[in-house]
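I have placed the structure first, in the form of structure tokens, so that the comments after it can refer back to it.
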Amino acid sequence: MIVEQRSFKYTECVLKLLYFYYTIWGITPQRKGLIYMTAVSLRLIAETTNITEAVNEALSSTIFGTTGVWFLIGAALVFFMQCGFAMVESGFTRAKNAGNIIMKNLMDFCIGTVAFTLLGFGLMCGEDALFGLVGLPSLGIFTDFANFPWHNFVFNLVFCATAATIVSGAMAERTKFSSYCIYSGIISLVIYPIEAHWIWGGGWLAQLGFVDFAGSTAIHMVGGIAALLGAKIVGPRIGKFGKDGKPKAILGHSMTLGALGVFILWFGWYGFNGAAADNADHLGQIFLTTTIAPSIATCVTMMFTWIKNGKPDVSMTLNGSLAGLVAVTAPCADVDVIGSAVIGAVAGLLVCFGVWFLDYKLKIDDPVGAVAVHCLNGIWGTIAVGLFATGNGQNGITGLFYGGGFGQLGKQLIGFVAVASWTAVTCTLLFLVIKKTIGLRVSRHEEVVGLDSTEHGLVSSYADFIPAMHVEGAVDHEREVNTLETPGVSVAIEHKPSEAASVPAGDVKMTKIEIITKLERFEALKTALDSIGITGMTVTNTMGCGMQKGSAEFYRGVPMEPRLLPKVKVEVVVCKVPVEKVVEAAKNALYTGRIGDGKIFVYDVENVMKIRTGEEGYDALQDNE
């Protein structure tokens with residue numbers, strides 16, 4: 001080893017100097033001993049240095065590299081990102097399709113594993129052929145398993161599954177499950193492996209010098225383009241665009257799930273970007289840039305939506321975090337903190353523009369913002385390599401803004417055009433063939449009722465939390481119809497004859513009073529009613545608005561129509577307590593003088609029947625027990 005040779009030369013030089021010095025001044029036994037001890041000490045130091053270097057080298061090769069432990073840990077983190085995608089997509093869509101979303105994300109990986117094993121891995125990582133266009137497929141995983149590159153296979157498999165699953169969100173809530181499974185298999189079998197070979201398998205782009213460290217191009221841009229084409233060909237969801245072409249907000253059912261998914265994805269992204277680091281220093285640099293870019297992007301998106309809409313948009317801000325992560329994926333190993341901050345800032349604005357552009361200009365329905373996050377920011381991350389690479393990163397390349405000229409930028413643009421063209425052509429053909437054969441979209445009835453029920457026989461993904469609902473479509477809106485199961489056990493009911501009632505139903509005036517007001521005023525209202533003897537009431541959480549149409553609110557930059565606000569509805573029926581007394585008590589409890597205090601409705605009640613006893617009229621309203 002070089003270190004060992006240098007240590008011996010250093011020891012020899014020191015001993016010669018000592019011997020020369022003592023020759024001049026005389027060599028005594030003590031001085032001979034000192035020379036001997038010095039030689040032994042220097043030799044031990046040299047050997048210790050050699051051992052330390054050897055241990056460090058062994059540890060580095062065990063931890064890093066394509067056969068290192070960190071390489072596989074990174075692959076496991078990327079696999080866990082499938083959970084994040086599932087949470088984001090299900091949270092940003094409606095509850096009636098949550099089970100379908102989960103199934104698609106699960107099958108993306110499982111179907112992709114089969115396809116990648118049979119052909120995809122060979123096309124991607126096989127021996128280079130056809131001038132760098134494709135790898136030669138082989139069945140080495142079956143015929144020579146002992147010598148098969150297990151680490152490399154697992155690592156590339158989880159990345160392949162990520163590219164496939166991006167499309168799920170953009171085509172959510174109206175795509176046939178069978179058709180989606182076919183798409184997922186084909187992209188993992190052929191489309192992704194071939195372009196990934198160009199970049200990471202030693203293909204022509206790698207030979208050219210194109211750099212995509214962790215997948216802004218190979219994974220996110222490819223998945224984003226496929227999402228764009230799939231969403232366009234399958235068409236928008238029912239009710240997304242009005243007759244005037246303007247987009248309408250279709251709210252996701254759980255921002256909590258969406259946020260959880262974003263946190264999981266961000267956590268997994270440290271493995272996504274960092275798994276290929278070749279040493280601890282480069283890993284630290286990658287972790288830093290993978291933190292700075294999404295943080296800046298999130299802040300920029302929040303501020304932009306705040307300024308534009310008057311309030312910070314939750315779902316768009318979550319998209320901003322993902323946009324920053326996507327944008328920094330390609331340049332993460334080659335940029336500094338300033339470069340990553342600029343990349344994140346642009347990503348935060350770009351995702352807002354992308355969502356607006358799809359909704360208002362292209363009229364393409366993307367429920368989760370997959371195109372804006374992955375396609376646009378995948379392109380931006382690809383170009384950013386040629387602009388912000390410092391020359392001190394793992395790949396040793398220098399971008400335009402750091403004195404590297406236009407060379408690397410030109411290579412990045414060539415790679416972007418080539419991969420985008422391949423993806424656009426193959427995915428367009430794939431979706432059109434599926435559409436013309438087995439069909440790409442579910443029926444109107446299936447879409448309105450929900451894919452959980454019609455595609456999977458799942459009454460509800462939240463059966464223990466909300467009642468099962470069936471939904472039938474009308475011309476311009478959706479009408480919900482409750483379906484209730486008949487109890488399997490009958491209950492004996494003893495009815496009291498109506499003639500036994502002490503007061504006939506027709507001799508007493510009964511009145512129903514319905515009060516609709518703000519949620520926060522309910523306790524005050526309940527206290528006021530209780531003080532005048534009203535102990536029975538029906539309370540319902542509801543949504544509504546008055547003539548003012550509520551306050552203007554936006555979801556993902558689209559105004560929500562109608563602008564419904566949360567309300568509480570309280571219903572009481574009285575006969576002994578005067579109606580005027582109830583109304584006066586409610587008014588005193590609810591009045592603030594501001595818009596939204598509520599309304600009171602008064603209705604005549606013809607009769608009341610107590611089911612348990614059969615009592616009617618006045619007696620049915622009394623609590624005699």
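The rows are residues; the columns are (1) over 30 Å from Met316 (Cα atoms); (2) at pLDDT 85 or above; (3) of a type in the set (S, T, N, Q); (4) touching a helix residue (DSSP H, G or I) at 6+ places or on another chain (Cβ under 8 Å).
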| residue | (1), (2), (3), (4) |
| --- | --- |
| Ser551 | no, no, yes, no |
| Tyr555 | no, no, no, yes |
| Leu564 | no, no, no, no |
| Glu571 | yes, yes, no, no |
| Pro578 | yes, yes, no, no |
| Leu590 | yes, yes, no, yes |
| Gly593 | yes, no, no, no |
| Tyr603 | yes, yes, no, no |
| Glu625 | yes, no, no, no |
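Based on this model, can you work out whether Phe353 counts as over 20 Å from the mean Cα position of the chain (by Cα), surrounded by fewer than 23 Cβ atoms within 10 Å (Cβ to Cβ) and among the hydrophobic types (A, V, I, L, M, F, W, C)? It is false that Phe353 is over 20 Å from the mean Cα position of the chain (by Cα), surrounded by fewer than 23 Cβ atoms within 10 Å (Cβ to Cβ) and among the hydrophobic types (A, V, I, L, M, F, W, C). Among the conditions (1) touching a Leu at 6+ places or on another chain (Cβ under 7 Å); (2) small (Gly, Ala, Ser); (3) within 19 Å of Phe388 (Cβ to Cβ), Gly271 misses just one, which is (3).
Residue-level check: of (1) at pLDDT below 95; (2) open to solvent by less than 10 Å² (accessible area, probe 1.4 Å); (3) in contact with a strand residue (DSSP E or B) (Cβ under 7 Å, 6 or more places away or on another chain), Thr175 misses just (1). Considering segment 373-421, and only residues there that are of a type in the set (Ser, Thr, Tyr) and not in a helix (DSSP H, G or I), the residue that is least open to solvent (accessible area, probe 1.4 Å) turns out to be Thr390. Considering each residue of segment 99-121 in turn, none proves to be open to solvent by 30 Å² or more (accessible area, probe 1.4 Å), assigned to a loop (DSSP other than H, G, I, E, B), hydrophobic (A, V, I, L, M, F, W, C) and touching a residue at least 24 places away in the same chain (Cβ under 8 Å).
Filter segment 179-229 down to the residues that are part of a loop (DSSP other than H, G, I, E, B) and either basic (Lys, Arg) or more than 20 Å from the chain's Cα centre (by Cα) (or both) and list them by number. Scanning segment 179-229 gives Gly201, Gly202, Gly203, Gly209, Phe210, Val211, Asp212, Phe213. Against the numbered list (1) out of contact with any strand residue (DSSP E or B) (no Cβ under 6 Å at 6 or more places or on another chain); (2) crowded, with 21+ Cβ neighbours inside 10 Å, Ile141 comes up short only at (2). Scanning segment 62-85 for residues that are part of a helix (DSSP H, G or I) and in contact with a Ser or Thr (Cβ under 8 Å, 6 or more places away or on another chain), we see that the one that is surrounded by the fewest Cβ atoms within 10 Å (Cβ to Cβ) is Val69. Among the residues here, Met303 does not qualify as open to solvent by less than 10 Å² (accessible area, probe 1.4 Å) and either in contact with a strand residue (DSSP E or B) (Cβ under 9 Å, 6 or more places away or on another chain) or assigned to a helix (DSSP H, G or I) (or both).
The one condition from (1) modelled with pLDDT under 95; (2) in a helix (DSSP H, G or I); (3) more than 23 Å from Phe92 (Cα to Cα) that Lys243 does not meet is (2). Restricted to segment 202-229, and to residues there that are surrounded by fewer than 24 Cβ atoms within 10 Å (Cβ to Cβ) and small (Gly, Ala, Ser), the residue that is farthest from Thr423 (Cα to Cα) is Gly209. Counting the residues of segment 403-417 that are in contact with a helix residue (DSSP H, G or I) (Cβ under 7 Å, 6 or more places away or on another chain) and over 16 Å from Met221 (Cβ atoms) gives 3.
Scanning segment 510-535 for residues being assigned to a strand (DSSP E or B) and either open to solvent by 30 Å² or more (accessible area, probe 1.4 Å) or touching a helix residue (DSSP H, G or I) at 6+ places or on another chain (Cβ under 9 Å) (or both) gives a total of 8. Scan segment 112-125 and give yes if some residue there is modelled with pLDDT of 85 or more, closer than 29 Å to Leu283 by Cα and of a type in the set (Ser, Thr, Tyr), otherwise no. For segment 112-125, residues modelled with pLDDT of 85 or more, closer than 29 Å to Leu283 by Cα and of a type in the set (Ser, Thr, Tyr): present. Filtering segment 356-367 to residues that are assigned to a helix (DSSP H, G or I) and surrounded by fewer than 16 Cβ atoms within 10 Å (Cβ to Cβ) leaves Phe357, Tyr360, Lys361, Leu362. Scanning segment 193-200 for residues that are open to solvent by less than 40 Å² (accessible area, probe 1.4 Å) and acidic (Asp, Glu) turns up at least one hit. A count restricted to segment 306-341 and to residues that are more than 22 Å from Gly261 (Cβ to Cβ), part of a helix (DSSP H, G or I) and open to solvent by less than 60 Å² (accessible area, probe 1.4 Å) stands at 4.
Can you say whether Val167 is assigned to a helix (DSSP H, G or I) and open to solvent by less than 10 Å² (accessible area, probe 1.4 Å), as far as the supplied structure shows? Yes; evaluated as a whole, the condition is true for this residue. Restricting the first member to segment 286-310 and to residues that are among the basic types (Lys, Arg), and the second to residues that are open to solvent by less than 60 Å² (accessible area, probe 1.4 Å), the beta-carbon pairs closer than 8 Å and six or more apart or on different chains are Lys308/Cys352; Lys308/Gly557.
The values are calculated or read from the model by the stated rules, or taken from the named source; none is laboratory data. Remember, predicted model here, so these are calculated numbers, not experimental data. Cβ: placed from backbone, ideal geometry, glycine included. Neighbour counts: every protein chain shown. Only protein heavy atoms, including side chains, enter the accessible area calculation; ligands, DNA and RNA are left aside. Shrake-Rupley method; radii C 1.70, N 1.55, O 1.52, S 1.80 Å.
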